[in-house]
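The values are calculated or read from the model by the stated rules, or taken from the named source; none is laboratory data. This one's a predicted model, so the numbers in the text were calculated from it and none came from an experiment. Counting neighbours? That spans all protein chains shown, and the Cβs are built from the backbone with ideal geometry, glycine included.
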Amino acid sequence: MPRLRGPLLTGCAGPLTRCRPRRRRNARGVSLAPLRVALLFLVLPAALAAQSGTTGLGHEATAEELGAAGYTVFPDGKGLPEGRGTVGEGKAVYQQFCAACHGRNAEGDEAAALVGGRDSLTSERPRKTVESYWPYATSLWDYIRRSMPYESPGSLSDDEIYAVVAHLLHLGGIVGGDAVLDRETLPKVEMPNRDGFVLDDRPDTD
Ligand code: HEC
């Protein structure tokens, strides 16, 4: 790449000479135009490959990798482990590990409210909580297992997660105080906003 220096290329010497447009340079005085062309050749094949779905990069995630990442619980309950928890047990778990951030009754504190807001979704200020917004109770199980408590995700046992989910759903008025949640009962819980979403059926969202 030639190095272009000095006033030669900058054009306008006086009113009678024709002005050449200035070429953009970086701090070291090197023209950027060839670089852009080079970039185009680098990016274009990648973009075309991406379009045809063959980037040649990476590999499809294996079941083990997905498991390790914690993406194992699906809305229909697939991936839920053995174990069970009651509302009462969950209250104790919640007070010990969650209340400090989410409030004593999950009404929100340092961290978001997890209950309430049910009638606010169509208002000017929707309050999106687990109770008011989340379409699947199974997602709550999955979320807590992967990310909560905030400072030590993965520290709760499966039983404790079933229990704390039961407690939160009870606080939200979604299950009764005698609910026992496990891999059979949790997917059957109907969340208030279950039908509040529309399916995006455009072909590229498959
Ligand atoms: C140290 C503070 C802290 C503790 C303790 C904590 N959380 Fe959280 N929680 C957060 C923060 C911060 C977020 C938001 C995280 C984000 O958006 O990435 C959050 C988000 C959540 C959400 C998602 C809320 C939403 O609507 O998006 C749930 C559910 C939740 N926490 C449940 C729990 C449960 C159950 C426990 C106890 C086992 C717990 N949290 C303990 C800080 C905490």
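At a glance:
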item	result
Verdict on residue 175 being aliphatic (A, V, I, L, M) and either farther than 21 Å from residue 107 by Cβ or assigned to a loop (DSSP other than H, G, I, E, B) (or both)	yes
Cβ-Cβ under 6 Å pairs, at least 6 apart or on other chains, region 125-154 side farther than 15 Å from residue 98 by Cα, far side modelled with pLDDT under 95 and crowded, with 18+ Cβ neighbours inside 10 Å	138/73; 142/73
Condition broken by residue 138, with the remaining ones in (1) within 13 Å of the ligand (Cβ to nearest atom); (2) farther than 23 Å from residue 104 by Cβ; (3) part of a loop (DSSP other than H, G, I, E, B) satisfied	(3)
Which listed residue is surrounded by 18 or more Cβ atoms within 10 Å (Cβ to Cβ), acidic (Asp, Glu) and modelled with pLDDT of 95 or more, from 151, 131	131
Some residue of region 84-107 being modelled with pLDDT under 95 and away from the ligand (no atom under 16 Å from the Cβ)	no
Leading residue by the ranking (nearest to the chain's Cα centre (by Cα)) among those in region 68-107 that are among the acidic types (Asp, Glu) and closer than 20 Å to residue 191 by Cα	76
Check on residue 143, surrounded by fewer than 19 Cβ atoms within 10 Å (Cβ to Cβ), near the ligand (Cβ under 8 Å from one of its atoms) and under 15 Å from residue 75 (Cβ atoms)	yes
The listed residue being in a loop (DSSP other than H, G, I, E, B), within 8 Å of the ligand (Cβ to nearest atom) and surrounded by fewer than 17 Cβ atoms within 10 Å (Cβ to Cβ), out of 124, 184, 110	110
